[in-house]
Every structure is written in C-alpha cells, then in structure tokens.
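Take a look at the structure below.
The values are calculated or read from the model by the stated rules, or taken from the named source; none is laboratory data. Nothing here was measured: the structure is a model prediction, and the numbers come from that model. All Cβ positions, glycine included, derive from the backbone under ideal geometry; neighbour counts span all protein chains shown.
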C-alpha cells in the first residue's frame, strides 16, 4: 500500500533579499531568511520558491546565494525560480510578478524579517497578490542590524503607503 503525498498549495515562497558579503557569503539576515524559507518549503507551505535580489556591494546576486543555501537545505533546485535583478522591496515584488504569472500563481508567502513584512505585504497586495507572511526567529540576528532595520522601515513604510517608494 502506498501513501499519497499531500498536494502542495499553489503558492510561491517569495524570499526577500538581504546583503551578500565579500566572497559571496550570506549576511546573517540572508541566512536566517533563507533558513525560514527552506523550513516553510519542507513544511509544505508552497509549490515553488522565488529568492529575490540582484547584485549589491558584492557579487554574486542575492538570489544566487539564496538559491545555493536553499539547495544545501534540501529544497529541490527544480522548484527554485530566482529573481536576480531587483534592488529594493518594491522591485523584488515587481520583478517576481512575471515569474509568478508564468507559473500561474497569484498567492505568495513572503519571507522576511518581521519589521519588514508590513511594507512587503502592502506592496504585494497593491501588485494584486494574495499574501501570507512568515518571519525567521530572531535567534542569530545582530541587535544593531535589527534596530537599524526597524528604524529604516518607519519612513520606508510611510513612503510605500503614500505610493512614493523607491523603485
């Protein structure tokens, strides 16, 4: 007797980018977000994973580094669809939209830090997506980096809410 594997929801895990350090090493923030995305994948939360982020201060792209981390965490490469050109939250979502359309998906589980998720949710909903969110645990986060992120999000959320966010 074989046991049927439950079908995965027609949803994409959208992992929002974070810094790549010299030598192509992931920042702690990126590593935490990617670990959470892999955990969500293994829990059956989605059918595909879209790591987002272009090249910042150091090569390779954020999406490439996250793809490597996802594969190392056991996520099948065939279900990973990187978006490797974006440079902001708004462009993460805007440039993920064509990938989602090609896959026939309009529902996403956005993975990012908790302080970042309200703005990401707002932008994704404006882009016509059905949105859920998940944040990695704070364990491993640097307090100063986290505080900087929280303080940065206050004006960034206001700009997004007013429709003047950076693209």
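Observations on the structure shown:
- Single match in 64, 36, 102, 77 (criterion: surrounded by fewer than 22 Cβ atoms within 10 Å (Cβ to Cβ), touching a strand residue (DSSP E or B) at 6+ places or on another chain (Cβ under 7 Å) and within 16 Å of residue 13 (Cα to Cα)): 36
- Residue match in segment 108-117 (condition: at pLDDT 80 or above and either loosely packed, with under 11 Cβ neighbours inside 10 Å or part of a helix (DSSP H, G or I) (or both)): yes
- Residue list for segment 53-105, filter: closer than 18 Å to residue 40 by Cα, in a loop (DSSP other than H, G, I, E, B) and within 15 Å of the chain's Cα centre (by Cα): 75, 81, 82
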